[in-house]
Amino acid sequence: MGKPKILVIYYSTYGHVKTIAEAEVRGLQKSGTVDAELYQFPETLPGDVLEKMHAAPHDTSVPEITTELLAEADGFLVGFPTRFGVAPAQVKTFFDATGSLWSKGALLGKPMGMFFSTASQHGGQESTAFSFLPHLVHHGLIYVPLGTPSPYMYETDAIVGGSPWGGGVIAGGDGSLQPTFKEIEIAEIQGEKFAEIACKLNAPEPAKTPVASDKPASEQPASEQPASATPKPASPVKEGGRFQRFVDKFKNLFKA
Ligand SMILES: Cc1cc2nc3c(=O)[nH]c(=O)nc-3n(C[C@H](O)[C@H](O)[C@H](O)COP(=O)(O)O)c2cc1C
C-alpha cells in the first residue's frame, strides 16, 4: 500500500493564501508519511474585474483542481481568503460541481482541513470555516481542525493569523502585510498534524472476527435471523413514496 495522497488546494487573489498553502505542503512533506500535491481552484471572475481588483497575475505553474482528482485523493487541506466572512464564490462554484462525487459517496470518510486569510484580525477566519462546514458534512468528509498546537496561537501582544479552525494569515486592509514566520510555522504544523490523522484514517482495517451473522441463516439463533425472517420495523421512507421519488430524481441528476 502506497502513502496516502493529500491534496493542498487553494484560492488566492493576492498571494497570501498561496504562501500558506506552500507551508502546508512543507508540513505534509516533513511528516514523511504522505504524498503532497499542490492545486488551485479555477478562477471564475473575468479578467477585467481582476484587473480592477489589482489581483496578482495568474500563476500557471500550479495546476487547477478537478473533481476527478478529488475522487482519487485520500485527503484535502483547502485554503481560501474570506469574502464577507464566508468562502469566496470561486471555491463555492467548484464545490457546486461535485454533485456526481456526492451521489457516488466518493469523498465519504476522507479527512479535510482548512486554512484562511482575512484583511483584519477579526475579519472572519472562524466564520469562514464554520460556514463552510455543510459542504464537508454533506459529502461525509471528516473535518480535521487544527486545535492550538503552537504557542504563537496564544499571543495577545501581536497579530497572528490562524485559529483552532485552521491556519491563517492577516493580510491587512490593503494587502500589504505578508505572512509572518509565526503564521507560516502554524501552517507547517497543521500540515504535519494533518498527515498523522490522514495516515490513521488510511491504516489497513484489522482482520474481521467472524460474528454470528456470518454463519448460514439456518445455524443462527432466532434472535439473529436475517431481516427477511424477522418482521422489519416500519421505515419512515415509503418505497415508491413521494420522498423516495424525490431522492431517486435527485440522484439521477448526477448519474454519469
Ligand atoms: C469582495 C471582498 C470581500 C472581502 N471580505 C472580507 C471580510 O469580510 N473580512 C476581511 O477581513 N477581509 C475581507 N476581504 C479581504 C480579503 O480577505 C483579503 O484580500 C485576502 O484575505 C487576501 O488573501 P489573498 O492574498 O490570498 O487573496 C475581502 C476582499 C474582497 C475582495
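Pick from the range 97-118 the residues that are under 14 Å from the mean Cα position of the chain (by Cα) and part of a helix (DSSP H, G or I): which of them is farthest from the ligand (Cβ to nearest atom)?
Ranking the candidates gives Trp102 first.
Quick check on this structure: which one of Glu205, Glu126, Glu192 is under 18 Å from Leu38 (Cα atoms) and open to solvent by 30 Å² or more (accessible area, probe 1.4 Å)?
Glu192
Based on this model, can you work out whether Leu107 counts as at pLDDT 95 or above and open to solvent by 20 Å² or more (accessible area, probe 1.4 Å)?
The answer is no for Leu107.
Give me the residue from the range 1-37 that is open to solvent by 60 Å² or more (accessible area, probe 1.4 Å) and part of a helix (DSSP H, G or I) and, out of that set, farthest from Val62 (Cα to Cα).
Lys30
Can Thr93 be described as closer than 24 Å to Gly168 by Cβ, part of a helix (DSSP H, G or I), of a type in the set (Ser, Thr, Tyr) and out of contact with any Gly (no Cβ under 8 Å at 6 or more places or on another chain)?
When the stated conditions are applied, Thr93 passes them.
Among the residues of the range 75-95, which ones are buried (at least 21 other Cβ atoms within 10 Å of the Cβ), within 9 Å of the ligand (Cβ to nearest atom) and either under 10 Å from the mean Cα position of the chain (by Cα) or of a type outside the set (Ser, Thr, Tyr) (or both)?
Within the range 75-95, Gly79, Phe80, Pro81 meet the criteria.
Cβ-Cβ below 8 Å, separation at least six or inter-chain, first residue in the range 95-118 and in contact (Cβ under 8 Å) with a residue 12 or more places away in the chain, second in a strand (DSSP E or B) and basic (Lys, Arg): which pairs?
Going by the 8 Å Cβ cut-off, there are no qualifying pairs.
Test each condition in (1) among the charged types (D, E, K, R); (2) under 24 Å from Tyr11 (Cα atoms); (3) open to solvent by 20 Å² or more (accessible area, probe 1.4 Å) for Glu183 and report the one that comes out false.
(3)
Considering (1) in contact with a Phe, Trp or Tyr (Cβ under 6 Å, 6 or more places away or on another chain); (2) open to solvent by 60 Å² or more (accessible area, probe 1.4 Å); (3) in a loop (DSSP other than H, G, I, E, B), say which one Thr156 fails and leave the rest.
The number of the failed condition is (1).
Every residue, every condition in (1) modelled with pLDDT under 95; (2) closer than 16 Å to Gly113 by Cβ; (3) touching a strand residue (DSSP E or B) at 6+ places or on another chain (Cβ under 7 Å), yes or no:
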{"position": "Val144", "(1), (2), (3)": "no, yes, yes"}
{"position": "Thr148", "(1), (2), (3)": "no, yes, no"}
{"position": "Pro164", "(1), (2), (3)": "no, yes, no"}
{"position": "Gly168", "(1), (2), (3)": "no, yes, yes"}
{"position": "Lys200", "(1), (2), (3)": "no, yes, no"}
{"position": "Glu205", "(1), (2), (3)": "yes, no, no"}
{"position": "Gln220", "(1), (2), (3)": "yes, no, no"}
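Residues of the range 173-190 being part of a helix (DSSP H, G or I) and more than 22 Å from the chain's Cα centre (by Cα), which ones?
The answer is Phe181, Lys182.
Name, by its number, the condition in (1) outside any loop (DSSP other than H, G, I, E, B); (2) in contact (Cβ under 8 Å) with a residue 12 or more places away in the chain; (3) of a type outside the set (D, E, K, R); (4) open to solvent by less than 60 Å² (accessible area, probe 1.4 Å) that does not hold for Val49.
(2) is the only condition that Val49 fails.
Look at the range 52-74 and say how many of its residues are within 27 Å of Leu108 (Cβ to Cβ) and exposed (fewer than 15 other Cβ atoms within 10 Å of the Cβ).
Counting residues in the range 52-74 that are within 27 Å of Leu108 (Cβ to Cβ) and exposed (fewer than 15 other Cβ atoms within 10 Å of the Cβ) gives 6.
If I filter the range 17-63 down to residues being within 11 Å of the ligand (Cβ to nearest atom) and in contact with a Gly (Cβ under 7 Å, 6 or more places away or on another chain), which single residue comes out as farthest from Asn202 (Cα to Cα)?
Ala56
The values are calculated or read from the model by the stated rules, or taken from the named source; none is laboratory data. These figures come from a predicted structure and were not determined experimentally. All Cβ positions, glycine included, derive from the backbone under ideal geometry; neighbour counts span all protein chains shown. Each accessible area value is taken on the protein alone, full model and side chains, heavy atoms only, with ligands, DNA and RNA left out. Shrake-Rupley method; radii C 1.70, N 1.55, O 1.52, S 1.80 Å.
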